[in-house]
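Encoded as structure tokens, the structure appears first; notes follow it.
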Amino acid sequence: MRRIRWRRVALAALLALAAVWWLVELAGNLYHAPGNLANDFWTYRQAGLNVLAGSPLYPADEISHPFILPSATWGHGFVYPPFAAVLCVPLALVPPAVGYLAFVGLTAITLAGVAAAIARHEGLAGPRWAVLVGALALINGPAVGALASANLNGLVAAALGLLWLTPRWSGWVSVVGGLVKLFPGAGVVWAWRMRAPLARPIALGVALFVASLLLFGPRAWLDFVAVLNNARPSSPYYIQSVARVFGPLIGYASAAALLGLVLVVPDGAIAFALLSLAMVAPAPDIVPHYMLIPMIGVLPLVSRFIAHATGATASAVRPRAAQWSQDR
């Protein structure tokens, strides 16, 4: 009697469940994509216009009382740190169609490229795997949502992948990312784990923060804190953040606990997955494109599992995170 290969059975079951979730998310996001087309892009463009005009970055109604996060789309509000508005200026200098297509193109290229590179360095070598993983990184519900709306989370997910691929640069990516959208700053814990340089990245972060103070004044940062305090989730998505279910305090506490595990868990791939969960745990609202972040976070683990289960030819190049750790 032929022996049952439980590893292959587990892989088949896992892939079947993932395929069902994948199709459900893809169908839902394709359905909603036309109604959300460019809604976040217009918000970023308006922020750039406000910088050029010297206008306030945050509307008075966001500062004065609670508001639901979707009300900030279509250019009606802004919920990012003041420094992020500076990076939005290029979108205000070109025609909207050009800006939108450039933003979406950059997001698609970086997200697919980073996903393919992670798969390769975890053992899924060869152009076929690169094309398959790169395509799957874009043909899924969260990616469709991010690309349709031109949301920043697609680039945040790609930046997270860079932490795995280039650990020595993780401090720079995390510090700058934290000034753009706060929670990428959690990557500093990963930089610490990998013993990557931190002094210069932090010095750069302080310099950029001071520059934003000189440009916008302290009031803009105080307004940003008020906006964070007033932001409320919209509708009950079926995948919810810890902060949405149990409250912001528990959300931030769970993120801190996960980051503590990132520092002590021996397996780098598991620690990296925990890092991605820590980034989204305190989010007040988990819309589908937020799931790109844990998707990239578990990609090293999934790629390694598939490579072992299928006997795929391992890459001659060691996983870069492991290589950097060993070299140090």
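Of all residues in region 278-302, how many are over 22 Å from H121 (Cα atoms) and either among the acidic types (D, E) or in a helix (DSSP H, G or I) (or both)?
8
Among the residues of region 215-226, which ones are more than 14 Å from A85 (Cα to Cα), over 24 Å from the mean Cα position of the chain (by Cα) and aliphatic (A, V, I, L, M)?
L222 - this is the single residue of region 215-226 that is more than 14 Å from A85 (Cα to Cα), over 24 Å from the mean Cα position of the chain (by Cα) and aliphatic (A, V, I, L, M).
Can you work out which of the residues in region 23-78 that are charged (D, E, K, R) and within 25 Å of G105 (Cα to Cα) is surrounded by the fewest Cβ atoms within 10 Å (Cβ to Cβ)?
The qualifying residue surrounded by the fewest Cβ atoms within 10 Å (Cβ to Cβ) is E25.
Could you give me the residue pairs with C-beta distances under 9 Å whose first residue belongs to region 303-315 and is within 10 Å of A119 (Cα to Cα), whose second residue is among the polar types (S, T, N, Q) and at pLDDT below 65 wherever it lies, and which are 6+ apart or on separate chains?
A307/T313; A307/S315
Any residue that is modelled with pLDDT under 95 and either surrounded by fewer than 21 Cβ atoms within 10 Å (Cβ to Cβ) or in contact with an Asp or Glu (Cβ under 6 Å, 6 or more places away or on another chain) (or both) - is there at least one of those in region 111-118?
no
Each row is one residue, and each column tells you yes or no for (1) in a helix (DSSP H, G or I); (2) in contact (Cβ under 8 Å) with a residue 24 or more places away in the chain; (3) of a type in the set (G, A, S).
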| site | (1), (2), (3) |
| --- | --- |
| L49 | yes, yes, no |
| H76 | no, yes, no |
| V94 | no, no, no |
| A97 | yes, no, yes |
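Of the residues G171, G145, only one is crowded, with 24+ Cβ neighbours inside 10 Å and either closer than 25 Å to T73 by Cα or aliphatic (A, V, I, L, M) (or both); which?
Checking each option against the conditions leaves just G145.
Run V245 past the list (1) touching a residue at least 40 places away in the same chain (Cβ under 8 Å); (2) surrounded by fewer than 18 Cβ atoms within 10 Å (Cβ to Cβ) and report the number of the one that doesn't hold.
Of (1) touching a residue at least 40 places away in the same chain (Cβ under 8 Å); (2) surrounded by fewer than 18 Cβ atoms within 10 Å (Cβ to Cβ), only one is false for V245: (1).
Please go through region 119-142 and pick out each residue that is assigned to a helix (DSSP H, G or I), crowded, with 23+ Cβ neighbours inside 10 Å and more than 18 Å from the chain's Cα centre (by Cα).
H121
The values are calculated or read from the model by the stated rules, or taken from the named source; none is laboratory data. Bear in mind the structure is a predicted one, so any value in this text is a computation, not a measurement. Note: ideal-geometry Cβ built from the backbone for every residue, glycine included; neighbour counts use all protein chains shown.
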